[in-house]
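What follows draws every value from the coordinates through simple rules; no lab data is involved. Small disclaimer: the values here were computed from a predicted structure and weren't measured. Virtual Cβ from ideal backbone geometry, glycine too; neighbours counted across all protein chains shown.
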Amino acid sequence: MHCKPARFIRWSSSAGARTALAVSVACAALAFAAPAAQAQPKPIRFGAIYIMSGSAAAYGQFAKQGMELAADEINAKGGILGRKIDFALEDSQGKVDVAIQAARKLVFQGGADALMGLDSSGVANGLTPIVPELRKPFVITHAASPDVTGKLCNAYTYRISVNVNQNMSAAAQIAAESGAKRWTTIGPDYAFGHQSWEYFGKYLKQRKPDVELMKEVAFPRFGAEDFVPFINSVMQSKPDGVLISLWGGDLVNFVRQAKNLGFFDQKFQVLLTLGAATEVLSALGEQMPQGVWAGTRYWFTAHDNPVNNAFVKAYFDRYKTPPSYNAEGAYAALYLYKAAMEKAGKVDGEAVAKALSGISFDAPNGRVTMRAEDHQAVVGPTWGKLGAFDAKYKVRMLDSMRTFKGEDVTPAVSETGCKL
């Protein structure tokens, strides 16, 4: 509509005059609305990168739901610094080059004020070095590679979730108490699988120097569909314990095939490093074997505090499933950013990155501190034995549950290789 000043509108009793009157009223409305619209500040935009396709797509979906819930809650209470928030989501496809392209797109084309995400350790290791060129803070909510808060650490990259060091320290404690002497592993053939075995062995040897870390190990490629040869080779090597760091669709396929081959009926101890991920438990249902030790970076019944209780209820009411650790990580990341932006008093990338350093805030898994020296959250995982199937949540619950304190499983900064 092209609006002329009111003094140029001619009035009469004709139909044309009625049209002029309508135009006049509409223009008057626009005149009053324009200042109000202009007074609305631009939303704060978060750019997220998760796996949204392929065998690990459920992780991205849970993260998206966690972000949606947090964004709606924050907006309902006035947003951040008086501004509403929104987010744009990109699919990394589990590939470094795709994730790098997505990060640049979110910042340079999408105008993202801050970034978050990543499911793969390999992708995190590839993307982290280019984050400083974006000049926006990046909070990792899932990928566990110790390198991103270790030798690859930088001023803009933080991690809110449990890393390999923290989870394997807890796993080693459980393994040490199990009495098993000869250990082997089945893990994905990239950074996460190899580093899980490396750090598990390191921490287990510290507790039990006489254990044997077997040379007969199995590292199927990520995304493999046939695990039978690897399962058979491990059973034939007759270990006392097996560390399994497969995750996502790989772990689902592995469990189904392993059950058919009697893998879980053997006498050896089995530790599923991410077996208590809701994505896996939901997919397998009652097929998930009972009595097996399983770990997770967050378990929805492990934290009795007001933030977690409200989060679990709101999430279940909305999505009819319990939140996974990826949902919790994405949810908590938006609240972490809220705390940092309010601390900084602005959303400028450099200022928010600095505000994240050393900050503490209340998350579903308790009071979380982002360590200033390496930007790693001081948090611990939850482990438990897979128990009965819960009809309400439609997953196996955890028995003998143990939630490890972050202070007890987080290595000293001097051990990480981080130099900020």
**Message:** Considering all alpha-carbon pairs of the chain, what whole percent are spaced by more than 39 angstrom?
**Reply:** 25
**Asked** What residue among Val211, Val131, Val395 shows peak mean-square fluctuation when the chain is described by a Gaussian network model with Cα springs under 10 Å?
**Response** Val211
**Request:** Report, for the range 296-420, the % of DSSP beta bridges that are antiparallel, rounded to 5.
**Result:** 100
**Asked** What share of the DSSP beta bridges in the chain is antiparallel, in percent to the nearest 5?
**Response** 35
**Asked** Which shape class applies to the range 183-273: rounded if a/c is under 1.5, otherwise prolate when a/b exceeds b/c and oblate if not, where a ≥ b ≥ c are the square roots of the Cα gyration tensor eigenvalues?
**Response** oblate
**Asked** With springs only between Cα atoms under 10 Å, which of Gln290, Gln166, Gln236 fluctuates most in a Gaussian network model of the chain?
**Response** Gln236
**Item:** Projected label distance in nm at Ala88 and Glu350, using a 7 Å step from Cα toward the beta-carbon
**Value:** 2.4
**Prompt:** Shape of the range 42-91 from its Cα gyration tensor (a ≥ b ≥ c, root eigenvalues): rounded if a/c is under 1.5, otherwise prolate when a/b > b/c, or oblate?
**Reply:** oblate
**Over 23 Å between alpha carbons, listed pairs Lys84/Lys136; Lys84/Lys320; Lys105/Lys136; Lys64/Lys95; Lys215/Lys405** = Lys84/Lys320; Lys215/Lys405
**Fill in**
In nm, the gap between the two label points placed 7 Å beyond Cα toward Cβ at Ala372 and Lys181 is 4.9
**Message:** With angles folded into 0 to 90 degrees, how steeply does helix 15-39 sit against the dominant principal axis of the chain? Use alpha carbons for both and round to 10.
**Reply:** 50
**Message:** From Cα pairs below 8 angstrom and at least 6 apart in sequence, can you work out the relative contact order of the chain, rounded to a whole percent?
**Reply:** 17
**Request:** Taking every pair of alpha-carbon atoms in the range 256-370, give the share separated by more than 24 Å as a whole percent.
**Result:** 43
**Complete:** Any aspartates and glutamates whose Cα falls less than 13 Å from that of Lys385, other than same-chain ones fewer than 8 residues away, would be Asp399
**Message:** Need the full-extension length gain, Asp408 to Gln109, defined as separation in residues times 0.36 nm minus the C-alpha distance. One decimal, nm.
**Reply:** 103.4 nm
**Request:** Among Lys136, Lys205, Lys267, determine the one that fluctuates most according to a GNM of the chain built with springs between C-alpha atoms less than 10 Å apart.
**Result:** Lys267
**Asked** Rounded to the nearest 0.05, what FRET efficiency do Lys419 and Ala388 have when you use their Cβ-Cβ distance and R0 = 60 Å?
**Response** 0.80
**Asked** Going 7 Å from the Cα of Asp304 toward and past its Cβ, which residues in the range 260-283 have a backbone nitrogen under 13 Å from where you end up?
**Response** none
